[in-house]
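Okay, so here's the structure we're looking at.
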Amino acid sequence: MNIKKLMVVFGLVASIGMVLSACGGGSGDGGNSAEGSKEITVSSKNFTENIILAHMMADLIEAKTDIKVTRTVNLGGSNVVWNALKNNEVQLFPDYTGTIVANYYQEETGTSEESLTRSRELMKEDGLAFLEPFGINNTYTLAVTQETAEKHNLKTFSDLAEVSDDMVLGVEFEFLDRDDGYPGIRELYGMNFKDSKGMDHGIMYQAIDNGETDVTNAYATDAQIAVHNLVILEDDKQFFPPYDGGPVIRQDTLDQYPELEEVLNLLGGQLTEADMQELNAQVDVEGLREDSVARDFLVQKGLIEE
């Protein structure tokens with residue numbers, strides 16, 4: 001065989017080897033990067049609460065399974081992390097029913113139970129799953145001081161409506177004009193405050209502390225609620241949509257690692273809004289690390305060992 005024919009043969013062998021290598025070189029299945037390895041990437045949005053919750057899930061997985069966890073917390077806003085999940089760049093992150101139904105799928109939300117059911121139905125079509133909710137509902141709410149709540153025996157939005165004409169409302173600027181803000185509340189509950197003021201988020205709490213306002217808007221798990229010792233009123237006519245938090249995970253990841261469902265469901269119902277306020281405050285006010293706060297909470301609950 002001459003040199004030219006030998007070169008052709010060697011070329012064919014090398015090409016076949018490259019094809020075979022390419023066929024077996026990648027896994028692309030639920031986070032595995034190599035044959036026999038067990039890996040998952042846990043992510044979060046770019047705010048304190050979501051980062052804490054992501055670390056809780058990651059810690060539980062590491063403590064209860066032999067799955068290796070990569071943490072890509074603080075990845076970005078809702079749509080960024082959601083698209084990363086759908087593209088299998090991450091396999092798990094904490095999310096909220098109201099965000100899923102209203103933001104990702106552009107549907108009307110209902111009660112907590114209805115929104116959870118609809119979230120699961122919609123996500124199933126995209127190969128995703130929503131596991132047991134954590135117990136927190138990070139929705140909009142109205143809050144007053146302890147003194148105001150006791151003086152007027154305020155527990156619900158309906159209670160507030162009865163005395164609102166003697167009170168001053170201090171809220172974020174956009175809350176004054178949005179249909180899902182003061183205009184909608186006024187229509188549903190018949191609230192008519194003596195005065196209403198728009199202001200920056202941080203100034204709202206100073207204003208209610210100083211007695212310049214009597215009522216403010218907030219998120220139910222906002223750290224500032226605990227810091228300023230405010231009382232959250234019950235949205236008894238359910239004006240604001242529910243934002244119940246829970247683990248959102250790819251179904252192919254659950255199929256590959258079925259033990260994850262039982263492990264992650266250990267967090268089901270473990271958190272209250274007051275718990276989350278305190279945990280957020282530990283980071284935002286006291287300056288502690290999100291991963292340390294998450295781990296300490298799991299130890300305190302007896303979910304992992306110290």
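What to note about this one:
- Subset of region 50-85 [in contact with an Asp or Glu (Cβ under 8 Å, 6 or more places away or on another chain), open to solvent by 30 Å² or more (accessible area, probe 1.4 Å), part of a helix (DSSP H, G or I) and closer than 20 Å to TYR219 by Cβ]: SER78
- Scope region 86-100; condition surrounded by 24 or more Cβ atoms within 10 Å (Cβ to Cβ) and touching an Asp or Glu at 6+ places or on another chain (Cβ under 8 Å); matching residues: TYR96, THR97
- Within region 160-174, tally of residues that are open to solvent by 50 Å² or more (accessible area, probe 1.4 Å) and in contact with a strand residue (DSSP E or B) (Cβ under 9 Å, 6 or more places away or on another chain): 2
- Filter result (charged (D, E, K, R) and within 20 Å of PHE240 (Cα to Cα)) within region 80-119: ASP95, GLU107, GLU108, GLU113, GLU114, ARG118
- Just one of the listed residues (ALA226, ALA218, ALA207) is in contact (Cβ under 8 Å) with a residue 60 or more places away in the chain and either farther than 17 Å from GLU172 by Cα or of a type outside the set (Ser, Thr, Tyr) (or both), namely ALA218.
- Test result for ASP214, closer than 21 Å to PHE157 by Cβ and either open to solvent by less than 10 Å² (accessible area, probe 1.4 Å) or over 24 Å from the mean Cα position of the chain (by Cα) (or both): yes
- Enumeration of residues in region 261-281 that are open to solvent by less than 10 Å² (accessible area, probe 1.4 Å) and part of a loop (DSSP other than H, G, I, E, B): LEU271
- Within region 106-115, at least one residue is modelled with pLDDT under 95 and either open to solvent by less than 10 Å² (accessible area, probe 1.4 Å) or in contact with a strand residue (DSSP E or B) (Cβ under 6 Å, 6 or more places away or on another chain) (or both).
- Residues that are over 11 Å from ILE100 (Cβ atoms) and open to solvent by 30 Å² or more (accessible area, probe 1.4 Å), drawn from region 242-260: ARG250, GLN251, ASP252, ASP255, GLN256, PRO258, GLU259
- Scope region 207-239; condition over 22 Å from ASP165 (Cβ atoms) and outside any strand (DSSP E or B); matching residues: ASP209, ALA220, THR221, ASP222, ALA223, GLN224, ILE225, ALA226, VAL227, HIS228, ASN229, GLN238
- Residue in region 152-163 that is polar (S, T, N, Q), modelled with pLDDT under 95 and assigned to a loop (DSSP other than H, G, I, E, B) present: no
The values are calculated or read from the model by the stated rules, or taken from the named source; none is laboratory data. Note that the structure is predicted; figures quoted are calculated from it, not measured. Because the Cβ atoms are built from the backbone with ideal geometry, glycine has one as well, and the counts that use them run over all protein chains shown. Remember, those area values only see protein heavy atoms, side chains included, never the ligands or the DNA or RNA. Shrake-Rupley method; radii C 1.70, N 1.55, O 1.52, S 1.80 Å.
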